Amino acid sequence: MSSQANQPLPEGFQLENYRILRLLASGGFSFVYLAHDENETPVAVKEYLPATLALRTKDSPSPVVPEENLSAFRYGLKCFFEEGRALATLSHPNVVRVNNFFRANDTVYLVMRYERGRTLQEHIHKKSGAIKEDWLCNTFVQLLNGLREVHSNKLLHLDIKPGNIYVRNDGNPVLIDFGAARQTLSADGLKLAPMYTPGFASPEHHRGRDKLGPWSDIYSIGASMYACLARSMEGCDPAHDEALRHK
């Protein structure tokens, strides 16, 4: 099933109590926007819109979902909504804060606290000189503390990588862009391509997906630490990663 060219919501679009300012990020599963709430406080809004299942044009904010994709789209939407509900119960300084979640335009939106800073991936690329051991240890101890809170609430991240670790302007890290809901759309019965990042995904991401668990996130934390040390975004073994991409 091929991806489609979905259109993001336009700048200035009023979405419930939030006014869209601009697109922050896009992928095959969702859009993320910068928006202002009714108090002009900046927030990040994540929209469920898998490109393999639905198509939104400029004509309407609601996507068109073909009949043959409807079951998979609704299943993913339900998982995305439930993930938002679960994340909204978490309050940890190193885990993205979900302030609100709601249905609109025949899809679902998560409203998160807007963080100022840059991703760990950007930090690695732009930092001159070696990464200091004390900074690395402090950063990942905080991330592991946040991850412990996630796992204690019976949640998984399932897409930890430097691009999904945000380093705030004050230097403290935060886990963003949970991937558990995306993983549900890779179930065998839905016949969609697996969604993971080679080099940072655990072996059970590639096969034996019924064995995914907290240990899978720990593997990805280790791979992210290695990426910091190696100053590489290709994970531990680039040749192995390349082979995985062509399986």
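FYI, it's all coordinate maths here, none of it is from the lab. Bear in mind that the values here come from a model prediction, so they are computed numbers and not experimental data. Glycine gets a Cβ as well: all are built from the backbone with ideal geometry, and neighbour counts include every protein chain shown.
Remark: the chain carries a charge dipole of roughly 160 debye about the Cα centre, counting +1 on each Lys and Arg Cβ and -1 on each Asp and Glu Cβ.
Total lysine pairs in the chain at Cα distances under 29 Å, for residues eight or more apart or on different chains: 25. The slack between Ser62 and Glu133, meaning 0.36 nm per residue of separation minus the straight C-alpha distance, is 20.7 nm.
Cα centroid separation, region 15-62 to region 196-225: 28 Å.
What's the local net charge at Asp37, with K and R +1, D and E -1, over the other residues with C-beta under 10 Å away?
Values: positive: Arg19; negative: Glu16, Glu38, Glu40.
My count for the surroundings of Asp37 gives -2.
What full-extension length gain, to one decimal in nm, is calculated for Asn105 and Leu229 as 0.36 nm per residue of separation minus the Cα-Cα distance?
Roughly 40.3 nm would be gained on extension.
Normalising the Debye intensity of region 1-147 to I(0), with uniform scatterers on Cα atoms only, and taking log10 at q = 0.12, 0.17 Å⁻¹ returns -0.60, -1.03.
Translational diffusion coefficient of region 49-122 at 4 °C, 1.567 mPa s, Stokes-Einstein with Kirkwood Rh over Cα pairs, in µm²/s as a whole number. Rounded to a whole number, D works out at 91 µm²/s.
For the chain, DSSP calls about 95 percent of its internal beta bridges antiparallel. Only Lys, Arg, Asp and Glu carry charge here, each on its Cβ (+1 for the first two, -1 for the last two); on that basis region 14-113 has a dipole of about 220 debye about its Cα centre.
Taking each DSSP H run with n ≥ 4 as -39500 (n - 2.57) and averaging over every residue of the chain yields -10000 deg cm²/dmol at 222 nm. Which option, [x] 81, 21, 14; [y] 40, 24, 19; [z] 29, 23, 17, is the value of semi-axes √(5λ) of the Cα gyration tensor in Å that was calculated from these coordinates? Recomputing semi-axes √(5λ) of the Cα gyration tensor in Å here picks out [z]. In terms of packing, defined here as the mean over residues of other Cβ atoms within 10 angstrom, the peptides 13-24, 130-141, 166-177 line up highest first as 166-177, 13-24, 130-141.
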